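Single-structure report; data block below.
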Amino acid sequence: MEIREATINDIPELVVLMEQLGYPTSVNKMKIRFNAISANSSYHTLVADYDGKVVGMAGLCTNVFYEYDGSYVRIVAFVVDVNYRKKGIGKKLIQEAESWARKQGAISIGLNSGNREERKGAHQFYLIMGYKDKSIGFTKNLV
């Protein structure tokens, strides 16, 4: 298994992963999103390649604190294919995300995870990986 930067060729498998994350999309829409994300230097997309198949992804974004000096990285999307969980893939993705964050000079890394019942396993995973359950997030659609 290899953790690497995502490429445009990964789009079909990223569509499957986005659906498993609860955000169905099309190849065309994901291609448009991926091109916009790839063009933004604050973003970085990692994939887990398992025997030539993309089975996980981590979408990362660098940000600057208002509250502190320095920057942080937010994991804005994280998923491992349901057929490949419990194989250490998520752990390797998180470790590589943290490594990338350090290389960016970030002093912190965080993520938000939905409070739906099906997210409880993910919450346990994040706690095991050393993340703290810190706060609740709120969103509002503007369109």
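The values are calculated or read from the model by the stated rules, or taken from the named source; none is laboratory data. A quick note: this is a predicted structure, and the numbers were derived from the prediction, not measured. When we count neighbours, we look across all protein chains shown, and the Cβ atoms used for this are built from the backbone with ideal geometry, even at glycine. With ligands, DNA and RNA removed, areas are computed over all heavy atoms of the protein, side chains included. Shrake-Rupley method; radii C 1.70, N 1.55, O 1.52, S 1.80 Å.
Look at region 87-97 and say how many of its residues are within 13 Å of Ile75 (Cα to Cα) and out of contact with any strand residue (DSSP E or B) (no Cβ under 6 Å at 6 or more places or on another chain).
Taking region 87-97 and keeping what is within 13 Å of Ile75 (Cα to Cα), we get 90, 93-97.
When the remaining residues are screened for being out of contact with any strand residue (DSSP E or B) (no Cβ under 6 Å at 6 or more places or on another chain), the result is 94-95.
Of the residues in that region, 2 qualify.
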Residue satisfying all of: in region 9-51; open to solvent by less than 70 Å² (accessible area, probe 1.4 Å) and assigned to a loop (DSSP other than H, G, I, E, B); nearest to Ile94 (Cα to Cα) among these
Ser42
The one condition in (1) at pLDDT 95 or above; (2) under 21 Å from Ile3 (Cβ atoms); (3) surrounded by fewer than 16 Cβ atoms within 10 Å (Cβ to Cβ) that Lys86 fails to fulfil:
(1)
Among the candidates Gly137, Gly110, Gly114, single out the residue that is under 15 Å from the mean Cα position of the chain (by Cα), assigned to a loop (DSSP other than H, G, I, E, B) and modelled with pLDDT under 95.
Gly114
Pairs only if they're at least six apart or on different chains, beta carbon under 7 angstrom, first in region 70-83 and at positive phi and in contact (Cβ under 8 Å) with a residue 24 or more places away in the chain, second among the hydrophobic types (A, V, I, L, M, F, W, C) and part of a strand (DSSP E or B); list them, first residue then second.
Gly70/Ile107
Can you confirm whether Leu60 is modelled with pLDDT of 95 or more and within 14 Å of the chain's Cα centre (by Cα)?
yes
For region 30-42, check the following and say yes or no: at least one residue is closer than 17 Å to His123 by Cα and at pLDDT 95 or above.
no
